[in-house]
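Have a look at the structure below before the remarks.
The values are calculated or read from the model by the stated rules, or taken from the named source; none is laboratory data. Note that the structure is a prediction, hence the values are computed from the model and not measured. Every residue, glycine among them, receives a Cβ derived from its backbone with ideal geometry; neighbour counts consider all protein chains shown. Side chains included, ligands, DNA and RNA excluded: accessible areas come from the protein's heavy atoms. Shrake-Rupley method; radii C 1.70, N 1.55, O 1.52, S 1.80 Å.
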Amino acid sequence: MTEQLRNLVVEFMSRFREGVNWDFKRTHHENNALLIHDILCLANAEFDGDRYLIYGIQDGSFEVVGVQEQSRRTQADLVSFLRDIAGKFEAHRTPDVKIQSIDLNGKDIDILTIADLPHKPYRLLEKYQHKGKTVYPSIYTRREDVNTPIDRSATSDELEVMFQERFGLNLPPHKRLAFLLAEAERWQTQEANTLFHEQFPEFTYEFKDKSDRLDEEWLRGEVGHYLPDGSWFCEITFHYYSTKIGSVDFASFDNGKKHAIRPDWAPYKGGRVYFYEEDTLRLAMQKHLATRDGTDYSKHIMSPNRRGYFDLPILSSTTVRTLWNVEQLDVETDKEAQNRIFETGMHALLIS
C-alpha cells in the first residue's frame with residue numbers, strides 16, 4: 001500500500017498541476033475551518049475514486065519539502081477532531097478519512113485519503129468558525145483544481161450530480177441493483193417467490209427451485225452430503241424490467257432455519273476454499289439477506305468434521321487472483337481429504 005501511494009504521488013507531481021481529486025499542501029492545516037472546507041470540497045467532487053490531500057509538497061513548484069514533525073496530525077488527531085464536530089454535519093455523516101505517511105526523496109510526506117462513498121453531498125448544518133475563518137452550511141465541491149469558495153455554494157448542476165450518486169441514479173442497472181439491495185427494508189413481496197423494490201419496482205428478484213445436490217465442503221457440516229428434508233438449493237434471478245441482469249445461487253439449510261448465498265471458491269492444495277469477493281452481486285445479496293433476517297448465516301457455520309465453526313471471509317479481487325495464480329496440486333476426490341484441506345485452507349484465509 002505504501003508503494004502504491006508513493007507511485008500515486010509521483011504520478012500527480014509529474015503532471016505539474018493539481019486535479020479534481022488531489023490537492024498539494026506545503027504544511028498541515030493550522031486552521032480547522034480551512035481543513036473542513038478542503039475535505040468537503042474533495043469529498044463532494046465529481047470523480048470515480050478516492051481523493052487526496054498531500055502534505056509536504058510545495059503548491060506551484062511541486063517541490064518535495066516534507067512535513068515538519070511539530071505540525072503533523074495523526075490519524076487519532078483527525079478521527080478525534082471529526083468525531084467532536086460530527087453533530088454539525090448533516091445526519092452526523094462525516095467523510096471517511098485516513099492519514100498515511102510515505103518517504104519521498106528522503107522526506108516525510110503525509111497523505112490524507114478521503115474515501116469515495118455514495119453519501120454525497122456532505123455538508124454542515126451550521127457554521128463552523130476557527131481563527132477568523134468560517135465554513136458555512138453550504139454545499140461545497142471542486143471542479144478541476146478549483147474549490148468552491150468558502151463563502152459560496154455549489155451550482156444546481158453540481159448538486160444534481162451529487163444526489164444522483166447518492167441514490168444510485170448515475171449507475172448502469174447491474175451496479176444500481178447492488179446499491180438498491182443495500183436497502184433491504186424497501187423490498188416488498190409481489191408474489192410468493194418474487195420481490196420488488198418499492199421505489200424502483202422495475203428491479204425485481206425471483207427464487208427458482210433447482211433441486212441440486214448440496215455437496216460442497218462449506219456446507220457439509222450443516223446438511224451432510226445430500227439434501228435432507230427442509231433444506232433446498234435454488235437460483236435467484238434479478239431483472240430490470242423484463243431483462244435478466246444477474247443471478248446467484250441460494251442455499252437454505254438446517255430445515256429452512258438458515259440460508260446464505262452460495263459463495264465464490266478458489267482451488268487450494270487439491271481442494272477448495274470458499275469466500276465472498278468484494279464488489280460482487282453474491283456479496284451484495286448476502287448482505288441483503290443478513291439485514292433482512294437480522295442474522296448473517298455466512299458466519300458461524302459448522303465445519304465438515306462438526307468439531308468447530310468458521311466464517312466465510314470477504315476477499316479483495318487482488319487476493320482472489322493470487323489464489324488462482326498459485327500452482328495447484330492434483331484434484332483430491334476423497335471427501336474426507338477434501339474436508340481436511342478445506343479446514344486448513346479456511347483457517348489460513350481467516351488469519352491472513
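Just a few scattered comments:
- Filtered residue count, region 282-293, keeping only those that are open to solvent by 40 Å² or more (accessible area, probe 1.4 Å) and at pLDDT 95 or above: 3
- Test set (1) in a helix (DSSP H, G or I); (2) surrounded by 14 or more Cβ atoms within 10 Å (Cβ to Cβ) - P304 fails condition number: (1)
- Any hit, region 40-58, residues being surrounded by fewer than 17 Cβ atoms within 10 Å (Cβ to Cβ), free of Cβ contacts under 8 Å to residues at least 24 places away in the same chain and over 20 Å from L124 (Cβ atoms): no
- Filter pass, T237 being of a type in the set (S, T, N, Q), surrounded by 13 or more Cβ atoms within 10 Å (Cβ to Cβ), within 30 Å of N325 (Cα to Cα) and modelled with pLDDT of 95 or more: no
- When residues in region 160-175 are screened for being in contact (Cβ under 8 Å) with a residue 40 or more places away in the chain and either over 18 Å from the mean Cα position of the chain (by Cα) or open to solvent by less than 40 Å² (accessible area, probe 1.4 Å) (or both), 6 of them pass.
- Conditions (1) under 18 Å from A43 (Cα atoms); (2) surrounded by 14 or more Cβ atoms within 10 Å (Cβ to Cβ): number failed by R72: (1)
- Among the conditions (1) part of a loop (DSSP other than H, G, I, E, B); (2) touching a strand residue (DSSP E or B) at 6+ places or on another chain (Cβ under 7 Å); (3) surrounded by 18 or more Cβ atoms within 10 Å (Cβ to Cβ), the only one that P121 does not satisfy is (2).
- Odd one out for D279 among (1) out of contact with any helix residue (DSSP H, G or I) (no Cβ under 8 Å at 6 or more places or on another chain); (2) in contact (Cβ under 8 Å) with a residue 12 or more places away in the chain: (1)
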